[in-house]
1. What's the total number of residues in the stretch 250-270 that are buried (at least 24 other Cβ atoms within 10 Å of the Cβ) and either among the basic types (Lys, Arg) or over 25 Å from Ala299 (Cα atoms) (or both)?
2. Given the condition open to solvent by 10 Å² or more (accessible area, probe 1.4 Å), in contact with a Phe, Trp or Tyr (Cβ under 7 Å, 6 or more places away or on another chain), closer than 20 Å to Leu142 by Cβ and within 12 Å of ligand 1 (Cβ to nearest atom), answer yes or no: does some residue in the stretch 303-326 qualify?
3. Whether any residue in the stretch 178-199 is part of a helix (DSSP H, G or I), in contact with a Phe, Trp or Tyr (Cβ under 9 Å, 6 or more places away or on another chain) and in contact (Cβ under 8 Å) with a residue 40 or more places away in the chain is what I want to check.
4. Taking the options Ser25, Ser98, name whichever one is more than 16 Å from ligand 2 (Cβ to nearest atom) and polar (S, T, N, Q).
5. Give the number of residues within the stretch 327-379 that are in a helix (DSSP H, G or I) and of a type outside the set (Lys, Arg).
6. Looking only at residues in the stretch 28-47 that are within 11 Å of ligand 2 (Cβ to nearest atom) and in a loop (DSSP other than H, G, I, E, B), which one is nearest to the chain's Cα centre (by Cα)?
7. Any residue that is within 16 Å of ligand 2 (Cβ to nearest atom), assigned to a loop (DSSP other than H, G, I, E, B), buried (at least 16 other Cβ atoms within 10 Å of the Cβ) and of a type in the set (A, V, I, L, M) - is there at least one of those in the stretch 62-80?
8. Looking at the stretch 277-297, which of its residues are closer than 24 Å to Val383 by Cα and open to solvent by less than 10 Å² (accessible area, probe 1.4 Å)?
Amino acid sequence: MLSAVEPRVDTDNQTVYFRCIAGCSAKHSIFDVIYTCPSCGSLLEVHHEREPLKKRTSDEWKQLFDSRIGTTTWPYGSGVWGLREWVIPSLADANVVSMFEGNTNLFWAERLGQQLGIPDLWIKLCGNSHTGSFKDLGMTVLVSVVKQMMAQGSPVKAVACASTGDTSAALAAYAAYAGIPAVIFLPAGKVSTAQLIQPVANGAHVLALDTDFDGCMKIVKEVTQDNSIYLANSMNSLRIEGQKTVGIEIVRQFDWAVPDWIIIPVGNLGNISALHKGFQLMMDLGLISRMPRLVAAQAAKANPFYESFKNGFKEKVSMTAQQTLANAIRIGDPVSYEKAIKAVIETDGIVEQATENELAAAAAHADLTGMFTCPHTGVALAVLTKLINRGVIKSSDKTVVISTAHGLKFTDFKVGYHESTLAEVNSQYPNPAVHLPATVDAVKTEIEKRLN
Ligand SMILES: *Cc1c(COP(=O)(O)O)cnc(C)c1O
Ligand SMILES: [Zn+2]
């Protein structure tokens, strides 16, 4: 499967680099251990200068990316590394840490769309990935860069993150694949069983702390101060480079047509920033000529971005996030706040919220049309329903809902729903298994009762 390792030189450092999102002029190498602007403290972003990329026409880019789909030529079969020139071009083949993430299915939710009154409804199943969430898209990039840094003699000896569950699963898997130690900070008792056992199985150092995600984040920031442990949270903008491929992938899957709406569940706001960044790049290089409208969907129990949107983004809202079934977006002080405001404003976007009852009902409804939705996808679907009912999303609009994780990571949520035991949820569609005596009569009677 491996092609001959082609040596790559670090020539694109001048055209791909970290820069401050607030506009400070310094450029920093993406192979430096740096997360925020040394002058003003703002987040950094990986900037790709446009001129060198314009040496290819938009059609040439499309052909190049299309030609790599499904290939086993390393590392282009990955949905992320198939876009290598737009991600981290200077990474050596030997340092790419990939488990062929991305290229997830975008499917037509025909029956659900008909029931909701929008036949052109599509679900992007980002949870059909190596560790069961979209976090793999960002982690392949971050861990690859760390591998290259270590190969070049950097003092980094481990990677670390605070997590609401899925980030740690992805970091632990990619670090284990690369042979790099991982330290994971989880809020004790606040992640699902599947999410907890993933880093445990992958051999990470799992530290469960008596606090919430925001509390874990404060501690991991301190612990990674001395530069020997590399911070893998989404304030590290390398992850955004991998995650931005999801929007490009959606457009490619529509034969380079742009949908009208993309609805995405948000917590720390990295993923919506990434989505926007991918679309911006396609606009600048002429692959598309308009933006989709982005909708950020929040759980009402953890809704600082929704509250900020309501005040016209006049001031940032932070809060202590409450317990929610959508535990991966239980975040009260989102790190990529500034980037996400830009994503919403520049796409004429919307922020909307969903209660526990609304998210659970939306997930259960979608499941009845063949899906197996995680609670975060439930938040996005509940918001979709609201916007349709309000007449904002029209029946002819092409709409994509981003499903961020695999439902199998959240079986406690499903079981609780169908046993009608979830707090603040009135289960409208419970379908518990029925226990019967092992007789043909009992079975026939039950089937007749149900199918008539
Ligand atoms: C991380 C995560 C999110 C939120 O992404 P942000 O970048 O934090 O906004 C949504 N859903 C799932 C399943 C996640 O793991
Ligand atoms: Zn700055």
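1. Residues that pass the stated criteria total 0.
2. no
3. There is at least one residue in the stretch 178-199 that is part of a helix (DSSP H, G or I), in contact with a Phe, Trp or Tyr (Cβ under 9 Å, 6 or more places away or on another chain) and in contact (Cβ under 8 Å) with a residue 40 or more places away in the chain.
4. Just one listed residue meets the conditions, Ser98.
5. Residues meeting the conditions: 28.
6. Per the stated criteria, the residue is Ser42.
7. no
8. Of the residues in the stretch 277-297, the ones closer than 24 Å to Val383 by Cα are 277-279, 290-297.
Correct list: Gly278, Phe279, Pro292, Leu294, Val295, Ala296, Ala297.
The values are calculated or read from the model by the stated rules, or taken from the named source; none is laboratory data. Just so we're clear, the structure is a prediction, and the values are computed from it rather than from any experiment. Don't worry about glycine lacking a Cβ; one is built from the backbone with ideal geometry, like all the others, and counts go over all protein chains shown. Only protein heavy atoms, including side chains, enter the accessible area calculation; ligands, DNA and RNA are left aside. Shrake-Rupley method; radii C 1.70, N 1.55, O 1.52, S 1.80 Å.
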